[in-house]
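One structure is given below, encoded as structure tokens.
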Amino acid sequence: MAADSSSARAGRFAAAERLSARALGFAALAWLAALSTAGCLDRRDDAQPQPVGACTRCHGSASRVVDAPGLSDEQRETLRAAPPIDLAGNTDPSYPGVGAHQLHLTASPTHGPVACGECHKVPSYVEEPGHMDAPPPARITFGPLARHAAHTPAFDATALTCTGTYCHRDATPVWTAARTSEQACGTCHGLPPSAPHPQSQDCFRCHGDVIDAERHFKAPERHLNGTADVVAMTCHGCHGSEKSNAPPRDLDGGTDPASPGVGAHDTHLDGGHFSRPVACEECHQVPKTVDAPGHIDPTTGAELTFSGVATTEHATPSFDPGTLKCSGSWCHGPVDPAKGLSPAWNQPSATLECNACHGYPPAAPHPPMARCSICHSQVVGPDNKTVIDRTLHVNGVIDLALPTQCNACHGSATNDAPPGDIDGGTATTSASVGAHQKHLTTTIARAVKCDECHVVPAKVDQPGHFDFAGPVQPHFSGVATAWGSTPTFDGQACANVYCHGAKLPGGAPSGGQHTSPVWTQVDGTQTQCNGCHGLPPPAPHPADDQCSKCHSNVDANRQVIDPALHVNGRVEL
């Protein structure tokens with residue numbers, strides 16, 4: 001620069017000082033101040049580069065106390081050289097030349113110090129080209145940390161904001177409105193960060209070497225350093241507990257079963273009073289490692305991938321995230337499609353009775369019988385409700401111990417016919433009991449064989465025995481169809497059956513008063529002599545009511561002498 005007199009220089013600087021920063025503009029005032037402070041307007045006889053230690057002659061403060069331990073002399077000098085003070089002498093952070101310099105350069109409770117070179121070029125010496133030979137503000141040239149993980153940072157010199165930096169992630173911080181460390185958590189990334197980051201706010205579970213359970217940084221220098229410090233993980237580090245890897249606790253630390261993240265996990269894993277414990281992988285995939293593909297991904301909630309028992313017998317389970325219910329799973333609706341819907345996942349306290357998952361009894365082809373213990377004695381107790389071996393219930397296998405005797409399901413020690421019926425009932429007013437014993441133990445006629453009214457199976461599981469909804473449909477044969485009779489049963493009474501007087505031998509009408517007896521009316525009123533045929537029968541039968549004259553099997557008092565010869569399909573004359 002050309003030589004100048006001291007008085008001229010003083011005049012020029014006095015004029016410059018009188019100019020307002022707002023009138024002249026920040027850039028011009030800062031430029032003048034820089035030239036003055038650095039002595040650029042003074043005559044310089046040497047051309048030697050000035051050392052970096054001269055930085056505080058233009059900005060910062062040489063007298064600033066830097067008491068941070070472990071810093072080198074160069075690092076201390078850097079902290080002294082950064083604003084405040086800026087080139088214009090400003091100290092308020094609202095001035096762009098001051099801003100958040102000290103918040104970046106000084107270690108805080110949330111991060112370690114950020115080097116000057118991460119935001120702009122630091123010259124090797126004061127007169128280095130590009131340092132003082134261009135008007136302020138300093139050119140922002142982001143360094144490796146700001147560009148970490150393929151970030152593309154930028155600085156808006158008008159809005160004074162950074163965007164796209166690794167340091168501030170999705171935030172757009174204003175350089176002149178720096179936030180305090182108390183405001184920092186959650187301003188740069190979500191709490192928790194968005195997926196594929198796990199949606200848990202318990203940062204310490206994965207980053208326990210850096211932050212504690214109260215979100216106080218244990219090692220702030222390891223935060224915002226370009227490395228995500230993750231501790232060795234176990235399943236219950238994120239969800240569950242040392243007792244079990246399944247919630248509760250969920251990813252948010254919740255334990256309320258009303259929350260979908262908790263729900264009925266415990267109920268399924270324990271099995272409750274009724275069923276075996278359900279393995280985790282029967283409902284969703286269990287990863288081998290924390291970072292296994294599909295474990296931590298952008299999808300909200302765990303993906304349900306049913307397998308094992310849930311898909312037994314080609315069941316196709318699905319889960320509705322709206323109603324929080326499963327449908328089509330074998331577990332909650334084996335065999336019976338009408339019982340295919342599970343209770344809501346987040347209502348595990350709901351009491352499930354036997355008929356919650358399947359009918360009681362189940363629909364056909366299951367027998368219409370609720371005495372479970374007869375066929376499932378390994379699973380259900382004598383009360384037909386208490387599960388005595390949970391490992392055998394809801395296990396994808398129907399554990400059967402079929403009886404080999406007819407009276408195991410119906411009948412008694414006396415004979416195989418009811419009572420009791422298949423549910424243990426004994427009332428003759430019930431269609432399943434009715435007049436069974438009157439047919440098998442009557443004293444006025446032969447005992448009627450079971451197969452004259454319905455099919456008698458050769459074995460318990462013979463098709464047609466119990467593989468229908470019921471009730472049993474009669475299948476008449478033998479004496480019931482004698483002399484061309486065509487018996488029917490309408491659910492209440494028989495008709496056109498030979499036994500009850502459909503017709504006499506030769507096809508003549510019988511004249512009986514109760515030829516269509518009601519099955520459940522077992523009071524003797526339908527079994528008088530005139531119930532099946534007239535007394536005497538109509539012509540061509542002789543008009544004589546002294547039966548013993550022609551029928552030696554009847555005495556003078558009309559008592560049957562040999563029941564085996566009465567109602568046997570023949571007329572004994």
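The values are calculated or read from the model by the stated rules, or taken from the named source; none is laboratory data. In this text the structure is predicted, and so the values were computed from the model without any measurement. All Cβ positions, glycine included, derive from the backbone under ideal geometry; neighbour counts span all protein chains shown.
Report whether or not Lys438 is not hydrophobic (A, V, I, L, M, F, W, C) and not in a loop (DSSP other than H, G, I, E, B).
On the way: not hydrophobic (A, V, I, L, M, F, W, C): yes; not in a loop (DSSP other than H, G, I, E, B): yes.
Considered against the rule, which asks whether it is not hydrophobic (A, V, I, L, M, F, W, C) and not in a loop (DSSP other than H, G, I, E, B), Lys438 comes out as yes.
Can you confirm whether the range 519-533 contains a residue that is of a type in the set (Ser, Thr, Tyr), over 18 Å from Thr443 (Cα atoms) and in contact with a His (Cβ under 8 Å, 6 or more places away or on another chain)? Steps first, answer last, please.
In the first step, residues of the range 519-533 are kept if they are of a type in the set (Ser, Thr, Tyr); the result is 520, 525, 527.
Still in the list and also over 18 Å from Thr443 (Cα atoms): 520.
Imposing the further condition that a residue be in contact with a His (Cβ under 8 Å, 6 or more places away or on another chain) reduces the set to none.
No; the residues of the range 519-533 include none that is of a type in the set (Ser, Thr, Tyr), over 18 Å from Thr443 (Cα atoms) and in contact with a His (Cβ under 8 Å, 6 or more places away or on another chain).
Look at the range 208-223 and say how many of its residues are surrounded by 13 or more Cβ atoms within 10 Å (Cβ to Cβ), under 36 Å from the mean Cα position of the chain (by Cα) and touching a residue at least 40 places away in the same chain (Cβ under 8 Å).
The number of residues fulfilling the criteria is 2.
List, please: which pairs have Cβ atoms under 6 Å, are six or more places apart or on different chains, and start with a residue in the range 424-441 that is over 17 Å from Cys409 (Cβ atoms) and assigned by TED's automatic domain parsing to the domain that holds Ser412 and end with one that is surrounded by fewer than 19 Cβ atoms within 10 Å (Cβ to Cβ) and of a type in the set (S, T, N, Q)?
These pairs meet every condition: Thr429/Thr520.
Scan the range 515-528 for residues that are farther than 18 Å from Tyr498 by Cα, polar (S, T, N, Q) and either in contact with a Gly (Cβ under 6 Å, 6 or more places away or on another chain) or buried (at least 16 other Cβ atoms within 10 Å of the Cβ) (or both) and jot them down. Walk me through how you get there before you give the answer.
Here is the first cut: in the range 515-528, the residues farther than 18 Å from Tyr498 by Cα are 520-525.
The next check asks that each one be polar (S, T, N, Q); those that pass are 520-521, 525.
Of everything in the range 515-528, those that are farther than 18 Å from Tyr498 by Cα, polar (S, T, N, Q) and either in contact with a Gly (Cβ under 6 Å, 6 or more places away or on another chain) or buried (at least 16 other Cβ atoms within 10 Å of the Cβ) (or both) turn out to be Thr520, Gln521.
Right, Asp250: touching a residue at least 12 places away in the same chain (Cβ under 8 Å), part of a loop (DSSP other than H, G, I, E, B) and within 21 Å of His197 (Cα to Cα) or not? Give the derivation first.
Details: touching a residue at least 12 places away in the same chain (Cβ under 8 Å): yes; part of a loop (DSSP other than H, G, I, E, B): yes; within 21 Å of His197 (Cα to Cα): yes.
Against the criterion (touching a residue at least 12 places away in the same chain (Cβ under 8 Å), part of a loop (DSSP other than H, G, I, E, B) and within 21 Å of His197 (Cα to Cα)), Asp250 qualifies.
Working carefully through the options Ser377, Ser342, find the one that is of a type in the set (S, T, N, Q) and at pLDDT below 90.
Checking each option against the conditions leaves just Ser342.
Got a sec? Which of Gly531, Gly511, Gly569 is surrounded by 14 or more Cβ atoms within 10 Å (Cβ to Cβ), under 30 Å from Ala427 (Cα atoms) and among the small types (Gly, Ala, Ser)?
Gly531
Among the listed residues Gly328, Gly253, Gly301, which satisfies the condition of being closer than 26 Å to Arg205 by Cα and more than 13 Å from the chain's Cα centre (by Cα)?
Gly253
Looking at the range 63-73, can you tell me whether even one residue there is part of a helix (DSSP H, G or I) and at pLDDT below 90? Break it down stepwise before answering.
Going residue by residue through the range 63-73, those that are part of a helix (DSSP H, G or I) are 73.
Next, only the ones that are at pLDDT below 90 stay: 73.
Yes, the range 63-73 contains a residue that is part of a helix (DSSP H, G or I) and at pLDDT below 90.
Go through (1) loosely packed, with under 13 Cβ neighbours inside 10 Å; (2) farther than 22 Å from Asp252 by Cβ; (3) out of contact with any strand residue (DSSP E or B) (no Cβ under 8 Å at 6 or more places or on another chain) for Ser318 and report which single condition fails.
Result: Ser318 fails condition (3) only.
Whether any residue in the range 44-59 is touching a Lys or Arg at 6+ places or on another chain (Cβ under 7 Å) and either under 30 Å from Phe217 (Cα atoms) or at pLDDT below 50 (or both) is what I want to check.
No, the range 44-59 contains no residue that is touching a Lys or Arg at 6+ places or on another chain (Cβ under 7 Å) and either under 30 Å from Phe217 (Cα atoms) or at pLDDT below 50 (or both).
Give me the pairs, please: first residue somewhere in the range 392-414 and assigned by TED's automatic domain parsing to the domain that holds Pro457 and under 16 Å from Cys375 (Cβ atoms), second residue anywhere and surrounded by fewer than 11 Cβ atoms within 10 Å (Cβ to Cβ) and not basic (Lys, Arg), beta-carbon distance under 6 Å, and either six or more positions apart or on two chains.
From the range 392-414, no pairs qualify.
How many residues are under 17 Å from His566 (Cα atoms) and among the aromatic types (Phe, Trp, Tyr) when one looks only at the range 489-506?
The total comes to 1.
Identify the single condition in (1) at pLDDT below 85; (2) among the small types (Gly, Ala, Ser); (3) closer than 24 Å to Leu392 by Cα that Gly328 does not satisfy, given that it satisfies every other one.
The failed condition is (1).
If Pro348 meets every condition in (1) under 18 Å from the mean Cα position of the chain (by Cα); (2) surrounded by 17 or more Cβ atoms within 10 Å (Cβ to Cβ); (3) without any contact (Cβ under 8 Å) to a residue 40 or more places away in the chain; (4) more than 17 Å from Ser307 (Cβ to Cβ) apart from one, which number is that one?
Among (1) under 18 Å from the mean Cα position of the chain (by Cα); (2) surrounded by 17 or more Cβ atoms within 10 Å (Cβ to Cβ); (3) without any contact (Cβ under 8 Å) to a residue 40 or more places away in the chain; (4) more than 17 Å from Ser307 (Cβ to Cβ), the lone unmet condition for Pro348 is (3).
Being surrounded by 13 or more Cβ atoms within 10 Å (Cβ to Cβ), touching a Pro at 6+ places or on another chain (Cβ under 6 Å) and more than 19 Å from Leu251 (Cβ to Cβ) narrows it down to one of Gly271, Gly359, so name that one.
Gly271
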